[in-house]
1. If you fit an axis through the alpha-carbon atoms of helix 147-160 and take the longest principal axis of the Cα set of the chain, what angle between them do you get, 0 to 90°, nearest 10?
2. Before I look further, what does segment 134-198 give for accessible area per residue, probe 1.4 Å, in whole square angstrom?
3. Suppose we look only past 17 Å in the calculated P(r) of segment 28-113. What percent of the Cα-Cα pairs does that tail hold?
4. Any idea how far apart ALA96 and LYS62 come out in nm if each label point goes 7 Å out from Cα toward Cβ?
5. First check a/c for segment 80-192, with a ≥ b ≥ c the square roots of the eigenvalues of its C-alpha gyration tensor; if it is under 1.5, answer rounded, and if not, answer prolate when a/b is larger than b/c or oblate otherwise.
6. Would you mind pulling out the separation of the Cα centroids of segment 122-192 and segment 19-93, in Å?
7. Could you work out the helix-only [θ] at 222 nm for the chain, with each DSSP H run of four or more residues adding -39,500 (n - 2.57) and the total divided by the number of residues, to the nearest 500 deg cm²/dmol?
8. Tell me, what is a quarter of the convex hull surface for the C-alpha atoms of the chain, in nm² with one decimal?
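The values are calculated or read from the model by the stated rules, or taken from the named source; none is laboratory data. This structure is a prediction, so every number in the text was calculated from the model and none was measured. Cβ coordinates were reconstructed from backbone atoms using ideal geometry, including for glycine residues, and neighbour counts include every protein chain displayed. Heavy atoms of the whole protein, side chains included, go into the accessibility calculation; ligands, DNA and RNA do not. Shrake-Rupley method; radii C 1.70, N 1.55, O 1.52, S 1.80 Å.
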Amino acid sequence: MIKKILKRLGYGSASSATGEQQVDIDGARLPENIRAYAIGDIHGRRDLLETLLKSILTDAAKYPESEKQLIYLGDYVDRGPESRETIDTILQPLPAGFSRITLMGNHEEAMLGFLADPVEGAAWLQFGGAETLLSYGVSMPPGIPTPSKLRQIGKALQDALPQEHLEFFAQLKDTHILGDYMFVHAGISPERPLTRQRPEDLRWIRDAFLTHGDLYGKVIVHGHTITESWEFHPNRIGVDTGAYFSGQLTCLALRDGEREILHTKR
């Protein structure tokens, strides 16, 4: 099962933007009759997600004829106290008219790496994995995490993961393109065409992407890098507001050429 999950760590299927006219934020549009909701990094804050989803449902009621897309930008697990419960909430049946797109974040990638090889992937435990273990009822053995103990933890986590959670992690996407927007977890490499992005950049990149000022063939919507508030730039929109410690989970709502922000209170 884990090998099947890890196959998802390949290239995404982003549509080609090579040769297309560059798009800036003011000119970006969605297809007609679609209302999209892009949710930033949740990190085990199921409480904030439930609050935000209520706001999304209230907003969506204003657009009864529109198709609604819930786009999760990754990093559902780690750091916060309720990783398992967050996945349960995401997997709840959708209201009529909604579809769900879930992207893989670097924390899901690290979790899968730990499951595949607990010794090689042990670093995951140091940046949020320990909290995820607890949410699945798995405790850390006392003392130094030896290879034997790490394998024990990995086996316990694998046994504790519900089948539907394994299937959820297996189907996570690398990218989602909708109209003039490209949704990713961390960002993209400015040196590569949108069709040739590497998974490691899509899930981990920071400086080279964040400091790049030129336009792309799509406006990039991303999380991964925490900022005090959401950020609008000519070529990208960032919506990771550090929910696990700030109490503010942010959602970018898009329709036609309009952009709005929905969020939980700090």
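1. 60 degrees
2. 47 Å²
3. For segment 28-113, the fraction of Cα-Cα distances above 17 Å is 49 percent.
4. So the label points at ALA96 and LYS62 sit 2.2 nm apart.
5. Cα axes put segment 80-192 in the oblate bin.
6. Segment 122-192 and segment 19-93 have Cα centres spaced 20 Å from each other.
7. -8500 deg cm²/dmol
8. Its average projected convex-hull area is 13.7 nm².
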